[in-house]
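Below is one structure, written out as structure tokens; comments come after it.
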Amino acid sequence: MLDHINVLAKRVTTAHGVGVDYDAALIKSAGMRSELEGVNAEWLIYDFNADEDDLFSQLVAYHVTHVFVYLVPKQLAMQTVRLILTRLCASGVVVCCHKFHPQYLTPARRDDLMGLVVYDETS
């Protein structure tokens, strides 16, 4: 389903990730774990529900190409989250949602067995 990531990875020598969560303890733990594993990642503590510092612009500044989302329907329905996800898709970022999916975007592809739905600029 995500074969396009492998194509991208062949052109890039080092993967880089950006992790975002509102839970500072979770971000601290993820940061320590990624450092131990030698993972090249940035970790942001961010309340995307309020989106006071324009998360879309921050992710674009990191040159994000793929966003993996696990949010519950109540969060996906929030106007701030809707704006973030629709702007990401419109800018060419691939958004992959697990288990719960926004109703305001049209899936580009899906894997029902894994509970994944992918959105892109066509969504």
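The values are calculated or read from the model by the stated rules, or taken from the named source; none is laboratory data. For clarity, every value in this text was computed on a predicted model and none was experimentally measured. Cβ: placed from backbone, ideal geometry, glycine included. Neighbour counts: every protein chain shown.
To keep it simple, each residue is scored yes or no on (1) part of a strand (DSSP E or B); (2) in contact with an Asp or Glu (Cβ under 6 Å, 6 or more places away or on another chain); (3) under 22 Å from residue 40 (Cα atoms).
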{"position": "60", "(1), (2), (3)": "no, no, yes"}
{"position": "74", "(1), (2), (3)": "no, no, no"}
{"position": "101", "(1), (2), (3)": "no, no, no"}
{"position": "110", "(1), (2), (3)": "yes, no, no"}
{"position": "113", "(1), (2), (3)": "no, no, no"}
{"position": "123", "(1), (2), (3)": "no, no, no"}
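From 84, 27, 45, grab the single residue that is out of contact with any Phe, Trp or Tyr (no Cβ under 6 Å at 6 or more places or on another chain), without any contact (Cβ under 8 Å) to a residue 60 or more places away in the chain and surrounded by 12 or more Cβ atoms within 10 Å (Cβ to Cβ).
Values: 84 fails: out of contact with any Phe, Trp or Tyr (no Cβ under 6 Å at 6 or more places or on another chain); 27 fails: out of contact with any Phe, Trp or Tyr (no Cβ under 6 Å at 6 or more places or on another chain).
Checking each option against the conditions leaves just 45.
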Item to check | Considering residues of region 1-41 that are among the β-branched types (Val, Ile, Thr) and in a loop (DSSP other than H, G, I, E, B) only, the residue modelled with the highest pLDDT | outcome: 39
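Looking only at region 62-72, how many residues end up being of a type in the set (A, V, I, L, M, F, W, C) and either more than 16 Å from residue 117 (Cα to Cα) or assigned to a loop (DSSP other than H, G, I, E, B) (or both)? Break it down into steps so the answer makes sense when it comes.
Filtering region 62-72 down to residues of a type in the set (A, V, I, L, M, F, W, C) leaves 64, 67-69, 71-72.
Next, from what is left, pick out any that are either more than 16 Å from residue 117 (Cα to Cα) or assigned to a loop (DSSP other than H, G, I, E, B) (or both): 64, 71-72.
Here the count works out to 3.
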Checklist entry - If the Cβ limit is 9 Å and pairs must be 6+ apart or interchain, which residue in region 107-123 that is closer than 19 Å to residue 65 by Cβ pairs with which residue that is exposed (fewer than 12 other Cβ atoms within 10 Å of the Cβ) and among the small types (Gly, Ala, Ser)? => result 120/92; 121/92
Checklist entry - For region 87-99, what are the residues that are on the phi < 0 side of the Ramachandran plot and either touching a residue at least 40 places away in the same chain (Cβ under 8 Å) or part of a loop (DSSP other than H, G, I, E, B) (or both)? => result 91, 93, 94, 96
Item to check | Subset of region 54-69 [aromatic (Phe, Trp, Tyr) and over 8 Å from the mean Cα position of the chain (by Cα)] | outcome: 56, 62
Checklist outcome for this item: Selection from region 61-74 of residues farther than 20 Å from residue 23 by Cα and either among the polar types (S, T, N, Q) or surrounded by 15 or more Cβ atoms within 10 Å (Cβ to Cβ) (or both) yields 64, 65, 66
